[in-house]
Every structure is written in structure tokens, then in C-alpha cells.
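First up is the structure itself, then whatever we jot down about it.
None of the figures in this text is laboratory data; all of them are computed from the coordinates on show. These numbers were taken from a predicted model, which means no experiment stands behind them. Neighbour counts are summed over all protein chains in view; Cβ atoms, including those assigned to glycine, are modelled from backbone coordinates with ideal geometry.
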Amino acid sequence: MEYQNILLESEGRVSILTINRPEKRNALNQATRDEMIAAMEALPASGQRVLIITGAGEKAFIAGADIGEFEGRTALDQREVMRHRRVFDAIEDCPLPVIAMINGFCLGGGMEVALSADIRIAGKNARLGQPEINLGIIPGGGGTQRLTRLVGEGKSMELILTGDIIDAGVAHDLGLVNHVVPANELRGFTLGLASRIADKSPVALALAKESIKNAGRMGIREAMTAETDLFCLAFTSDDKREGVAAFLEKRKPDFKGKQLIPIGKPPA
Ligand code: COA
């Protein structure tokens, strides 16, 4: 598929999806969201193992939803848009680990993209916030939920009710971003982390992601039961055999991502 609003590149087994509207501070219009979803849905079949999402240029990761598209929309029009497949869900559902590489303004829907990702790395120049309140609206891409789960109700309230924009250091203190690095080291640092993850078993990565996500979706007993099932599902993979054999043979494992019994298909 030809993309107009995003760029896709590969560094080994790491895919980098760059929102490419720097003149609009990488604001997410519908076309961009559709392209992001299409790119993410094609990823599992590509053999790639980790996805990095970032923004083009030096000013913005993503400056939010494209505010121009709000104008003239009725509540029903907006509801229709929001009932389509959501980019935030596509990130969360992606079996690959997703890393947000935050290289500047990360606002509104941009923050919600980052919050949907599995790991967030910020350049020192990053500025983060949910400024929707200043437009007379509220976060609608999961911000009230995912931010609250990540930083707690009090801080989430303060950020969303004030619309304040915080710098990368404050975001790190809140646990909102995993690491802050100098802007000129952001790509190298993020790629280094992504490559280390890309060496792991993609089956185990997908199962671990699903199980961790269950912590926010289920009660503890249900999630523990699901963890046991997912753990046992990892036993169906050739990667589990390879990982154990490599340990016993004192060598580095070579994970191929194969399952002995494909998930969802009974053995022949
Ligand atoms: N939607 C649509 N267009 C946006 C946008 C958004 N969320 N964010 C920035 N742009 C556009 C601007 O309208 C401007 O377009 P123009 O050149 O055609 O006038 C261009 O991007 C550059 O923006 P500008 O404000 O001049 O850049 P800046 O570097 O001085 O400031 C921001 C950057 C991100 C601080 C500022 O653009 C901003 O506050 N954006 C809105 C953030 C927001 O409220 N997001 C939540 C949306 S729900």
C-alpha cells in the first residue's frame, strides 16, 4: 500500500512508523489514522518484531487530533468517526511491542498514541499534555483511562483539568515516560532498546504483552488465570524448545517465532 501521510522503514527487525506531516506538527487527521492502522495490521505477517512510532521533524511527535476536522462536525458525525476502528486500539492490539519515540510536542491524541504504546522514550525537548480542556472538550482516545492507570487519579486529574503541558523530566518523574535522553541520542537509544527486544521470541513477546495488558482489563484472579493459560501457550512454541536448549547448551538462542501447534488450530 502507498502511504501519503506516514513513512515506514526498517532497521533489521525493527519497523519505524513516522507520521509525516511536520508542517502540521504531525496532527492526526483521519487519513493518517487510517494509514497507521493499515500499516500496523500488515506488520505481524512481515516478520518484523518491534514497532517504533515517531513524528517527522524536530518539533513534534504528534500535536494531537487535527483540530481542523472538528469544525463543522455534528456530535453524530463525530460519534461515527470514533466508532470506526481506532488507532489507539490498533496499537494496543498489535502483537508486536510498540515503542513511542517522543521527539517534541506530544499532545492530546498524540499523548493518547503514546499512552497506547507499550514503552515511551522521550527526547529532552519533549513536551507532553492533554490540552483538550482548552478547546472545550475532553480526551477521547483513551486519555482519561490510560493516563489515569499510568500515573494515578490525582495527577491525571491535574493534567487533564488544567491542560498543562509538562516537560520530559516531569513526565519521567510521573512514570509517564520510561526514559529521557538528549534529543540527538533519541533515535539511537530507542533503536538499541528495540533491537534488544527484537532478539526475543516474538511468540513470547506477544503473549507477555497480552498478559500485561490484562492487568488493566481484568480483576487479579481472572488475570492470573489468563497468565497461566498464556504461559502454557508459550510451551507450544518452538521458541520455548530453542530457549531452553540454548540455556542448557550454554549458547545464545536463535528465536524463529514458530509455534509447534499453531494457536487457534488443532493439531493434525
Ligand atoms: N490540528 C491541526 N493543525 C495543527 C495542530 C492540530 N492539533 N497542531 C498544530 N497545527 C498546525 C497549525 O495550525 C499550523 O498550521 P498553519 O501553518 O497552516 O497555520 C502548523 O501546524 C504549525 O503550528 P504552530 O502553532 O504555528 O507551531 P508551533 O511550533 O508554534 O506550536 C503547538 C506547536 C503544538 C504548541 C501548537 O501548534 C498547538 O498548540 N497545537 C494544538 C495542540 C492541541 O490542542 N492538541 C489537542 C488537539 S485535540
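The distance from the alpha carbon centre of the range 63-115 to that of the range 198-214 is 24 Å, rounded to a whole number.
Among the listed pairs 209/240; 59/155; 200/258; 209/258; 200/250; 155/213, which are separated by more than 23 Å between their Cα atoms? Mind showing how you got there, number by number?
Numbers: 209/240 17 Å; 59/155 26 Å; 200/258 12 Å; 209/258 18 Å; 200/250 16 Å; 155/213 21 Å.
Distance filter (> 23 Å) returns 59/155.
Distance between the pseudo-spin-label points of residue 11 and residue 150 (7 Å out from Cα toward the beta carbon): 2.1 nm. Anyone know which of 146, 79, 13 comes out most mobile in the 10 Å Cα GNM of the chain? The residue with the greatest mean-square fluctuation here is 79. With contributions of -39500 (n - 2.57) from each DSSP H run of at least four residues, the per-residue ellipticity at 222 nm computed over the chain stands at -13000 deg cm²/dmol.
Fewest neighbouring Cβ atoms within 10 Å first, the residues 28, 43 line up as 43, 28. Shape analysis of the chain based on the Cα gyration tensor places the equivalent ellipsoid semi-axes at 33, 20, 19 Å, largest first. The antiparallel fraction among DSSP beta bridges confined to the chain stands at about 30%.
First measure r as the distance between the Cβ atoms of residue 137 and residue 231, then evaluate 1/(1 + (r/R0)^6) with R0 = 25 Å and state the FRET efficiency to the nearest 0.05.
Values: r = 42 Å, r/R0 = 1.68.
Taking R0 as 25 Å, the efficiency between residue 137 and residue 231 is 0.05.
Taking a point 7 Å out from the Cα of residue 165 in the direction of its Cβ, the residues of the range 104-129 whose backbone N falls within less than 14 Å of it are 104-111, 125-129. Using 0.36 nm per residue and subtracting the Cα-Cα separation, the extra length available between residue 41 and residue 259 on full extension is 76.5 nm. Using the Cβ-Cβ distance between residue 4 and residue 79 with R0 set to 30 Å, the FRET efficiency works out to roughly 0.70.
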